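Here is the structure we will look at.
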Amino acid sequence: MQTHRPLPLFVVILFLVLVACDVVMGTPVIPSTGVPPIDPQVQIEQAVAATLAMQTQIALSVQQTLAGMVPVALDPTLTPALTQSPDFTQTASQTSTLIPSFTPAGVWVRVSLETNCRTGPGTVYDKLGLVRPGETAEAIGRSASSDNWIVRLPSNPAITCWLWAQWTSVTGDSSSLPIITPPPSPTPTRTSTPN
């Protein structure tokens, strides 16, 4: 007859250590909780499923709100299998948008050739500035014969000067401009004659 020998204490302790470290069972355990960890792939799948469920709830709530119904409370247990697609229709329409163009009020003069702007009508008057081709000057008056415009100098609008009308084109109602009397012509300075 054979007698059973008790297991040595060393073997029992080794077995308990291996079980505690989960070497024998093959399933890892989180030491602080004693619960096996969840596979990262499973966690991702659960997160995606929860996100889809919430998106479905939001879409249903929006659809019901748009339909004039009272929105339902969000149910976190709803699964993506219960999704419904909202019925939204889009109607194309053509509308034209008017873009306003800037048309300044008043009368504007544009020159086609470089033209001097002077203190009065004619070359006997001092030159105050120059109006270049394509530049626009605001007209604030005109001569009685309409052969000169009294304008604000484009390079310095604080200066008003007389611009010969020969090379100009006008935008606006020039008949509304006041007629300006020219200033007296400059007196030539006397030069002393030697004795």
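The values are calculated or read from the model by the stated rules, or taken from the named source; none is laboratory data. Just so we're clear, the structure is a prediction, and the values are computed from it rather than from any experiment. Note that we place each Cβ from the backbone using ideal geometry, even for glycine, and neighbour counts take in every protein chain shown. Note: areas computed on protein heavy atoms with side chains; ligands, DNA, RNA excluded. Shrake-Rupley method; radii C 1.70, N 1.55, O 1.52, S 1.80 Å.
The selection criterion, being among the acidic types (Asp, Glu), open to solvent by less than 70 Å² (accessible area, probe 1.4 Å) and modelled with pLDDT under 90, does not hold for residue 87. Of all residues in region 117-169, those being in a strand (DSSP E or B) and over 21 Å from residue 105 (Cα atoms) number 7.
Residue 62 meets all of the listed conditions (1) of a type in the set (Val, Ile, Thr); (2) touching a Pro at 6+ places or on another chain (Cβ under 8 Å); (3) loosely packed, with under 12 Cβ neighbours inside 10 Å; (4) modelled with pLDDT under 80 but one, namely (3).
Residue 144 satisfies every condition listed in (1) within 46 Å of the chain's Cα centre (by Cα); (2) at pLDDT 85 or above; (3) open to solvent by 60 Å² or more (accessible area, probe 1.4 Å) except (1). Screening 181, 171, 136, 160 for residues that are open to solvent by 60 Å² or more (accessible area, probe 1.4 Å), among the hydroxyl-bearing types (Ser, Thr, Tyr) and under 38 Å from the mean Cα position of the chain (by Cα) leaves exactly one candidate, 171. Taking the numbered list (1) at pLDDT 95 or above; (2) open to solvent by 50 Å² or more (accessible area, probe 1.4 Å) in turn, residue 187 passes all entries but (1).
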